[in-house]
Amino acid sequence: MTDAIEWMLITANPELARHAEASGVHRIFIDMEVNGKAERQGHLDTHKAAHTFDDISAVRSVLTSSELMVRVNPLHGETRREVDEALARGADRLMLPMFTTVDEVAAFRGLVPAGTPITYLAETPQALVRTEAWMRHLRLGDEVHYGLNDLSIAMGLDFLFEPLAADLLSEPARLLKAAGIPFGIGGIARPAGGELPASVVLGEHVRLGSSRLILSRAFHGSAKTVRELRARLDLPAEIAELRNIEERWRTGSADALAKNQRVLAGHCFRLAEARRNAA
């Protein structure tokens, strides 16, 4: 049985991070990736942070139970310095984005102390296709997250959930589950919002065995303070509703999950077609 889904939230705001922790968020996500991101995603309304080492220190100082994960830049000449500084500032876990080869996975693992877990962000077609080859380099505590933004861009798709609609992650999911490696996929909108219903997305996560999800920006709405956030939404209640939906899927049948995959595919391909026609 797959573990219950753990929620992640991207923020460098210590006040919001502390509130997220108290609301049931398992992992706070500091995003320092800047190399190449503007070129890849500059035309899209996607998350584009420019968090700093000082942000790591600030968020570290307020967390008591949630894990602090830092996404560094794709492997480059300064990676060792980034790794060392992020860990010195208090990162519990590091994330490697935009890798394509087994050699990159092995090289990054070699730069990170053995006791520090890594999340490998598989968001290129090469990383997706080569999962079985590079997953052999993962150690105890390491995880995989399939990123849908850059993956869909690289594949020339019109909607970021199209890889799920085409069921491209079933085989990688099977391989990772067989090896006992936890994995997650993309992000999720609020229960009552988003182009693709959160209930449909959660059903597919349960079917695939995913146990990690990034909460979208809608869960904080770019609020600067907890007071401002509370005026917009009840974060503990939103997370509790996601959990309720997840549990309903877990008590359902395999046939219901298979039907939900078809529903997801229909939603995704209609949205993709609408975007193509509007372009």
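Values quoted throughout were computed directly from the atomic coordinates according to the rules given, and no laboratory measurement underlies them. Only a predicted model underlies this, so the values are computations on that prediction, with no experimental measurement involved. All Cβ positions, glycine included, derive from the backbone under ideal geometry; neighbour counts span all protein chains shown.
Summary of values
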| quantity | calculated |
| --- | --- |
| Neighbour-limited loop hits for GluC sites (Glu not before Pro), segment 59-95 (at most 12 other Cβ within 10 Å; DSSP other than H, G, I, E, B) | 78 |
| Top of 128, 157, 16 by mean-square fluctuation, Gaussian network on the chain, Cα under 10 Å | 157 |
| Highest-MSF residue in the chain out of 253, 211, 152 [GNM, Cα springs under 10 Å] | 253 |
| For the chain, built as a Gaussian network whose Cα springs stay under 10 Å, the top-fluctuating residue of 123, 143, 247 | 247 |
| Helix-only CD estimate at 222 nm, as mean residue ellipticity for the chain, using -39500 (n - 2.57) per DSSP H run (n ≥ 4) | -13500 deg cm²/dmol |
| Estimated FRET transfer efficiency when R0 is 25 angstrom, pair residue 224-residue 92 (beta carbons, to 0.05) | 0.50 |
| Inter-site label distance for residue 84 and residue 195 at 7 Å from Cα along Cβ, in nm | 4.4 nm |
| Inter-site label distance for residue 139 and residue 262 at 7 Å from Cα along Cβ, in nm | 4.6 nm |
